[in-house]
Each structure stands twice: as C-alpha cells, then as structure tokens.
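Structure first, then comments.
The values are calculated or read from the model by the stated rules, or taken from the named source; none is laboratory data. None of the values given here were measured: they were computed from a predicted structure. Ideal geometry is used to build each Cβ from the backbone, glycine not excepted, and the neighbour counts take in all protein chains shown.
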Amino acid sequence: MKALSKLKPGDKVAVLSPSFGAAGTWPHVYQLGLQRLREVFKLSHVAFPATTKIGASTAERAQDLISAFLDPEIKAVIATLGGNDQVTYIKNLPSEPFKNNPKPFFGFSDNIHFANFLWLHDIPCYYGGALLTQYAMQGQMDAYTVEYLKYALFAHGEKELKPSPVFNDIGFDWSDASKLQTSRTYEPNEGWIWDGEQSAAGISWGGCLESIDEMLRHQTRMPSLACISHKQISR
C-alpha cells in the first residue's frame with residue numbers, strides 16, 4: 001500500500017459528490033460543512049461540476065473523480081455524502097489517473113465502491129469524514145471527530161483509536177435549516193465490545209455491508225484473502 005502525503009493548513013481539497021447530489025439537495029448543510037472545513041481545519045475547497053448538481057450522470061461524477069486526482073494542487077478528496085449507485089460506474093474508471101496520483105480520500109456508505117477501487121490500486125483511504133455528516137454536524141463538530149480527522153489529514157505515524165465517550169443515533173431533519181444551530185442529545189458510551197479475547201493484527205478491508213453485498217451480487221472485482229494478507233503500508 002502506498003504511503004499518502006499529509007496536508008498542511010492552506011492546502012486545497014476537492015469536495016465531490018460521487019454518489020447522491022446531497023450538496024445540491026441541502027445547500028445550507030453543504031455551506032456549513034465548507035465553513036467548518038475553512039475555520040476548523042484551515043483548508044480551502046475546490047468544487048467540481050457535479051458537486052452540487054442533482055441527478056448528475058455517472059459520467060459526470062466519474063470525470064470529477066478523475067479531474068480531482070489529476071490536479072496536483074488538490075491534496076485530498078472529500079465526499080459530500082453516500083448514495084446508492086456507485087456500483088454502476090466505479091468499475092469502469094481508468095486506473096492511471098488514480099494509481100499515478102495517489103491522495104487521501106474520505107467518505108463512507110456507498111463510497112466503499114470507490115474505496116475498494118483505490119484499495120485494489122494500493123491506495124489506502126479513510127472510511128468516514130464526509131462533509132455533510134461529519135463537518136456539518138448540527139451545533140458544532142464533535143471534538144472526537146475533529147481530533148481524528150486532524151490526525152488523518154495532517155499527522156504522521158500510528159494513533160491509538162479510542163472509543164468516543166458519548167454517542168448519538170438520532171439526527172435532525174436536514175430540510176429544516178433552523179436545526180443547524182441546535183446540538184443533538186448525546187448518551188454515554190460504554191466503550192468497545194469485543195468478540196473474543198485474543199489479539200489479531202493485519203491490514204483492514206471492509207466497509208458498508210450493503211455496498212459489499214452489491215459488490216458480491218454484481219461480481220465487482222474484490223481482493224482475495226491472499227491479497228489482503230500480503231498488503232503492507234510502504235514507509
């Protein structure tokens with residue numbers, strides 16, 4: 001696996017909608033996410049033609065991904081949200097723009113299709129950090145999220161992943177812009193729940209189970225267990 005370059009304040013990041021056009025559906029949430037990207041992380045964003053376009057074609061979204069990776073001024077790529085149709089076009093992406101220009105990609109849910117594509121080209125990515133769900137959190141960004149996103153974006157080396165002290169699983173309706181300044185109600189988190197008592201180490205592969213199910217049903221190229229076991233992060 002390739003070692004990815006880290007960002008520094010002032011760098012440009014691409015904000016894309018590889019799946020659903022959430023930025024165009026909830027523009028006020030999108031703008032709050034961009035504000036947090038600037039104010040909390042000191043990064044500037046570059047939007048692409050399909051970022052805010054509702055109903056953008058798969059060809060338009062594919063071109064945005066290609067253009068973002070080819071642009072040397074773009075240091076990372078952040079998805080606005082997930083969706084449900086990446087399986088229809090990710091497998092048709094060309095390899096060269098991505099394997100020759102590796103950079104961090106942040107996204108989850110339907111974006112696991114693109115994450116798997118990058119993984120098969122020896123490019124690690126970050127499962128999380130979508131603009132609308134993490135950056136545009138109502139009230140303010142969660143301190144836990146900020147800590148780990150800053151480490152993923154700017155810091156080198158390994159970091160222990162600790163459980164969040166609190167959690168929430170009840171959100172607000174994004175169509176109600178007045179809720180953007182209202183904080184959610186959190187509950188105490190009891191910590192990790194482990195299956196078994198032994199330790200294990202290795203390279204991780206996985207993601208959204210619904211998307212992995214789609215990969216299996218549509219016979220998308222996926223890594224073998226032997227491939228996973230031989231992956232290593234280059235230093």
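Taken together, the residues in the range 20-68 that are of a type in the set (D, E) and under 25 Å from K8 (Cα atoms) amount to 2. Taking the criterion of being farther than 19 Å from M1 by Cα and either crowded, with 17+ Cβ neighbours inside 10 Å or in contact with an Asp or Glu (Cβ under 9 Å, 6 or more places away or on another chain) (or both), the residues of the range 139-168 that qualify are M141, D142, T145, V146, Y148, L149, P163, S164, V166, F167, N168. Considering the range 169-185, and only residues there that are surrounded by fewer than 15 Cβ atoms within 10 Å (Cβ to Cβ) and in contact (Cβ under 8 Å) with a residue 60 or more places away in the chain, the residue that is nearest to V40 (Cα to Cα) turns out to be A177.
Residues that are at positive phi, of a type outside the set (F, W, Y), crowded, with 22+ Cβ neighbours inside 10 Å and under 17 Å from the mean Cα position of the chain (by Cα) do not occur anywhere in the range 113-125. If you scan the range 15-65, which residues turn out to be of a type in the set (D, E) and in contact with a Lys or Arg (Cβ under 6 Å, 6 or more places away or on another chain)? Passing the criteria: none in range. Answer with yes or no whether W205 is surrounded by fewer than 13 Cβ atoms within 10 Å (Cβ to Cβ), out of contact with any Lys or Arg (no Cβ under 7 Å at 6 or more places or on another chain) and either assigned to a loop (DSSP other than H, G, I, E, B) or aliphatic (A, V, I, L, M) (or both). Against the criterion (surrounded by fewer than 13 Cβ atoms within 10 Å (Cβ to Cβ), out of contact with any Lys or Arg (no Cβ under 7 Å at 6 or more places or on another chain) and either assigned to a loop (DSSP other than H, G, I, E, B) or aliphatic (A, V, I, L, M) (or both)), W205 does not qualify. In the range 137-166, the residue that is farthest from W26 (Cα to Cα) out of those that are in contact (Cβ under 8 Å) with a residue 40 or more places away in the chain and either assigned to a helix (DSSP H, G or I) or under 14 Å from the mean Cα position of the chain (by Cα) (or both) is F154. Examine the range 63-73 for a residue that is at pLDDT 95 or above, surrounded by fewer than 15 Cβ atoms within 10 Å (Cβ to Cβ) and among the hydrophobic types (A, V, I, L, M, F, W, C), and state whether such a residue exists. Yes. Candidates F48, F41: the one that is without any contact (Cβ under 8 Å) to a residue 60 or more places away in the chain and under 17 Å from the mean Cα position of the chain (by Cα) is F48.
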